[in-house]
Ligand code: GLN
């Protein structure tokens, strides 16, 4: 029978859903806004996009540190939410000032800075709070983070559709919609946190460490076990870099691929290429309950794989997804189109991998982070995504253009098939190595 979860989980689910709605809604509009409204070149727009998506995952380290040392997670999340709402509002002002492009650009950069800072306070701390709702070794944690991750993706599914639709009318309404969603999420959190965000013993969680909470009392010097656990987080975060660098091709090379080489015409109607980006998020929403139930059932029968094994399987799923598409594009030239089912199958496999890796990683960090360092370790965890996003951009530049041959580590990249094979090898090798070292990692987790 499905286990029950604390009500606080559903508050965090909704708040994160609103925040990710605003984040992905803005992201869906942003590239085309820079190119079409601000008249930036594609290269400049891609550069700004790459720096922005990397920086939003750098600041969680600082936001985590400040939460652990001074503010606690609650205040950090509320401040982060308000600063992010301000960021979206500045983008709304930018899109309302297009008669003076220089002012619009300046407002845009101020908005991006606010989003980078706000996300730093919000993202690691809300993830840490999910873990604090449960006792440290609670077997429901993987399932809880999987449910939470579903919230991320409900937001990510709806955002491109709603903000994209409003943005097509006028960019500023898309940004305003993102701003309002963020404000609504922050307000709901503020109203319900006292009632719902409590530990299993009924204590308020997420207060500043100076308040007389358990975590403050237990702040202590790091011992050998703490250091070993931190090392496990670093090692796993390293493997995870290869996952997101391959997975995040979704927003870059796979987007170009969807536009040029996927047949998107159905009964005379052509689907916008951007819509293919909702596919993985939809799959996460549909499959997250299946995976949550699977982990619970396997745990109940004492046959649940360890976290590193699940994550290695995640990397291998990703490799399979790219292998499928590399077969699908074999012999396909720049002007050929293949069935969208190839892309659907790729994203299905990618999402199975994502569900084995991403929520499990959050759960693992929450279990292993030493007391008093939960948020900073979560920030470190997200830092690997910053590296991945930068790497994803670099690797996507190997995308083959007509007749041009590129080289990667001495291998010739002359066709789409060659290009996708890079990711088969990258995630496949990372997955196999992780599987091989997993017994050692599991020992270190004890
Ligand atoms: N889709 C996830 C999110 O937006 C990705 C986070 C990550 O760690 N890369 O939360």
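The values are calculated or read from the model by the stated rules, or taken from the named source; none is laboratory data. All of these numbers come straight from a predicted model, not from anything done at the bench. All Cβ positions, even for glycine, are placed from backbone atoms using ideal geometry, and neighbour counts span all protein chains on display.
Checking the stated criteria, residue 421 turns out to be more than 16 Å from the ligand (Cβ to nearest atom) and over 22 Å from the mean Cα position of the chain (by Cα).
Residue-wise test of (1) under 18 Å from residue 8 (Cβ atoms); (2) part of a helix (DSSP H, G or I); (3) touching a strand residue (DSSP E or B) at 6+ places or on another chain (Cβ under 8 Å); (4) more than 15 Å from the ligand (Cβ to nearest atom).
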| residue | (1), (2), (3), (4) |
| --- | --- |
| 129 | yes, yes, no, no |
| 138 | yes, no, no, yes |
| 143 | yes, yes, no, yes |
| 147 | yes, yes, no, no |
| 158 | no, yes, no, no |
| 162 | no, yes, no, yes |
| 167 | no, yes, no, yes |
| 177 | no, yes, no, yes |
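Residue-wise test of (1) crowded, with 23+ Cβ neighbours inside 10 Å; (2) more than 16 Å from the ligand (Cβ to nearest atom); (3) not in a helix (DSSP H, G or I).
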position: 21; (1), (2), (3): yes, no, no
position: 29; (1), (2), (3): yes, yes, no
position: 34; (1), (2), (3): no, yes, no
position: 44; (1), (2), (3): no, yes, no
position: 51; (1), (2), (3): no, yes, no
position: 54; (1), (2), (3): no, no, no
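For the stretch 351-377, name all the residues that are more than 10 Å from the ligand (Cβ to nearest atom), under 20 Å from residue 309 (Cα atoms) and buried (at least 24 other Cβ atoms within 10 Å of the Cβ). If the condition is that a residue be more than 10 Å from the ligand (Cβ to nearest atom), under 20 Å from residue 309 (Cα atoms) and buried (at least 24 other Cβ atoms within 10 Å of the Cβ), then 351, 353, 355, 356, 360, 363, 364, 365, 366, 369 are the ones that fit.
Tell me the residue from 25, 64 that is assigned to a helix (DSSP H, G or I), within 14 Å of the ligand (Cβ to nearest atom), touching a helix residue (DSSP H, G or I) at 6+ places or on another chain (Cβ under 7 Å) and over 22 Å from residue 89 (Cβ atoms), please. Walk me through how you get there before you give the answer.
Numbers: 25 fails: over 22 Å from residue 89 (Cβ atoms).
None of the other options fit; the residue is 64.
Out of curiosity, is residue 251 without any contact (Cβ under 8 Å) to a residue 60 or more places away in the chain and either surrounded by fewer than 20 Cβ atoms within 10 Å (Cβ to Cβ) or within 13 Å of the ligand (Cβ to nearest atom) (or both)? Let's see the steps before the verdict.
Numbers: without any contact (Cβ under 8 Å) to a residue 60 or more places away in the chain: no; either surrounded by fewer than 20 Cβ atoms within 10 Å (Cβ to Cβ) or within 13 Å of the ligand (Cβ to nearest atom) (or both): yes.
Considered against the rule, which asks whether it is without any contact (Cβ under 8 Å) to a residue 60 or more places away in the chain and either surrounded by fewer than 20 Cβ atoms within 10 Å (Cβ to Cβ) or within 13 Å of the ligand (Cβ to nearest atom) (or both), residue 251 comes out as no.
Inside the stretch 102-115, residues that are away from the ligand (no atom under 15 Å from the Cβ) and either touching a helix residue (DSSP H, G or I) at 6+ places or on another chain (Cβ under 7 Å) or in contact (Cβ under 8 Å) with a residue 24 or more places away in the chain (or both) make up a count of 9.
Any residue at all in the stretch 405-416 that is under 18 Å from residue 249 (Cα atoms) and part of a helix (DSSP H, G or I)? Yes, that holds for at least one residue.
Each residue in the stretch 270-288 was checked for being more than 24 Å from residue 326 (Cβ to Cβ) and modelled with pLDDT of 90 or more, and 3 of them qualify.
Could you please let me know if residue 390 is within 12 Å of the ligand (Cβ to nearest atom), in a helix (DSSP H, G or I) and surrounded by fewer than 24 Cβ atoms within 10 Å (Cβ to Cβ)? Lay out the reasoning, then the answer.
On the way: within 12 Å of the ligand (Cβ to nearest atom): no; in a helix (DSSP H, G or I): yes; surrounded by fewer than 24 Cβ atoms within 10 Å (Cβ to Cβ): yes.
For residue 390, the condition - within 12 Å of the ligand (Cβ to nearest atom), in a helix (DSSP H, G or I) and surrounded by fewer than 24 Cβ atoms within 10 Å (Cβ to Cβ) - is not met.
The set of residues in the stretch 271-289 being out of contact with any strand residue (DSSP E or B) (no Cβ under 9 Å at 6 or more places or on another chain), more than 16 Å from the ligand (Cβ to nearest atom) and either closer than 23 Å to residue 437 by Cβ or part of a helix (DSSP H, G or I) (or both) consists of 274, 275, 289.
Please state which one of 292, 237, 299, 258 is in a helix (DSSP H, G or I) and within 16 Å of the ligand (Cβ to nearest atom).
When all the criteria are applied, what remains is 237.
Taking (1) assigned to a helix (DSSP H, G or I); (2) more than 21 Å from the chain's Cα centre (by Cα); (3) under 22 Å from residue 59 (Cα atoms) in turn, residue 209 satisfies each apart from (1).
In the set (1) outside any helix (DSSP H, G or I); (2) modelled with pLDDT of 95 or more, the condition left unmet by residue 82 is number (1). Within the set of pairs 6 or more residues apart or between chains, which connect a residue that is within 11 Å of residue 239 (Cα to Cα) inside the stretch 423-446 to a residue that is outside any helix (DSSP H, G or I) with Cβ atoms less than 7 Å apart? Final answer for the pair search is none.
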